[in-house]
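Worksheet: the structure to be examined is printed underneath.
Please treat every number below as a calculation from the coordinates, not as lab data. As the structure is a computational prediction, the values presented were derived from the model and not from experiment. Quick reminder, even Gly has a Cβ in these numbers, built from the backbone with ideal geometry, and neighbours come from all protein chains shown.
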Amino acid sequence: MIIISNEFRKDLQDSYSPLDIAIDKVGIIGLRKKIDIVRGNYKYSFYPKISALISLPAKQRGIHMSRTSETIEEVINEVIFKPTPTIEVVADRIIKKLLKKHKYTLKVHVELEGDIVIQVRETEKNNVQKSYYIKTVANGIKQDNGEVKYKYFIGVSAVGLTVCPCSMEMSREFVEDFVKARKDIKIPENDLKNLLNILPVSSHNQRAKGTITVEIDDVDTNSIDIIDLINVIENSMSGKISSVLKRPEEAELVRVAHLKPLFAEDAVREMAKNFIKKDFLNLKDEFRVKFEITSFESIHSYDVFAELNTTIGELKKTLKI
């Protein structure tokens, strides 16, 4: 009878590397999981791809990969029994466990990205499920004194409707000139201008994706509700995209959107203004924040992109808040 021991004699990962070169990131990527987030009175499901990467010293041949996958499984199982209020708390738990299990590493990088599904009230009559893309990044860097400096980035994307101001203005000028040229219509100029400000005037419109990414350094004190970020994005568009629209609701959406025509540049500035007005608690002036708009153009063969990358302090100073 041959007995095989489960104790292996060599740990090749701990052996010396044949090439004395440090590696910046090594680990696992694209691990799919389901996480339930519970915050206040609502709960939503998150289906992220998880990446967990660490730095590797020059003299060490490899990382202990199973420790990384075990860490993720442990944190996910913890969330099942102890629900988390935010996505970044999950990333924080993973990054801190990785630092304990990989004592040789100096840097840890964790990403969770995917869709959340939440129940929203689109109209007075409709409750529907909507999905939003979110991404959380967590970095931990070990200092010379052994302390770890943490940094987190929270990103959310939502889709809205934008109406082109330029096209609307050209349509308004065309209607004004056309009415004035008609011999059978006599409308005083002031009355005509008032009518053009009241009546709907055509323009092209398109879906636009807005994204906000915020930097924080403490998941306990720098609390951000991603639902609040979603509301900032959606309220910064000409109108809100809806899953179910009856004809009166469709007519109302188009009418309201045309009362607030926005360039992509306008929408980015609106997001920045509405973010600061939201007054998120305990966000430091030195934290960076990035606002992005991708406009999926309806009458052009290209899409339009705009970005504002700044700090919270600089934005407050610009807005005089």
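Here are some notes:
- Which label in [x] 72, 54, 36; [y] 107, 42, 39; [z] 79, 45, 35 gives the computed Cα extents along the principal axes in Å: [y]
- The chain, helix-only ellipticity at 222 nm - DSSP H runs n ≥ 4, -39,500 (n - 2.57), divided by all residues, nearest 500: -10000 deg cm²/dmol
- Computed about its Cα centre, the charge dipole of the chain is approximately 520 debye, with only Lys, Arg, Asp and Glu carrying charge at their Cβ.
- Taking label points 7 Å from Cα along the Cα-to-Cβ direction, GLU307 and GLU265 give a separation of 1.8 nm.
- Highest mean packing first, where packing is the average number of other Cβ atoms within 10 Å per residue, the peptides 85-96, 279-290 line up as 85-96, 279-290.
- Two-decimal log10 I(q)/I(0) for the range 12-142, as the Debye equation yields it once each C-alpha is a single scatterer, q = 0.09, 0.15, 0.21 Å⁻¹: -0.32, -0.72, -1.16
- Seen from every direction in turn and averaged, the convex hull around the alpha carbons of the range 177-280 projects onto 9.9 nm².
- Segments 213-221, 29-37 sorted - mean Cβ within 10 Å per residue, highest first: 213-221, 29-37
- Counted residue by residue at 0.36 nm each, then reduced by the alpha carbon distance between them, the extension gain from LEU19 to VAL175 reaches 48.8 nm.
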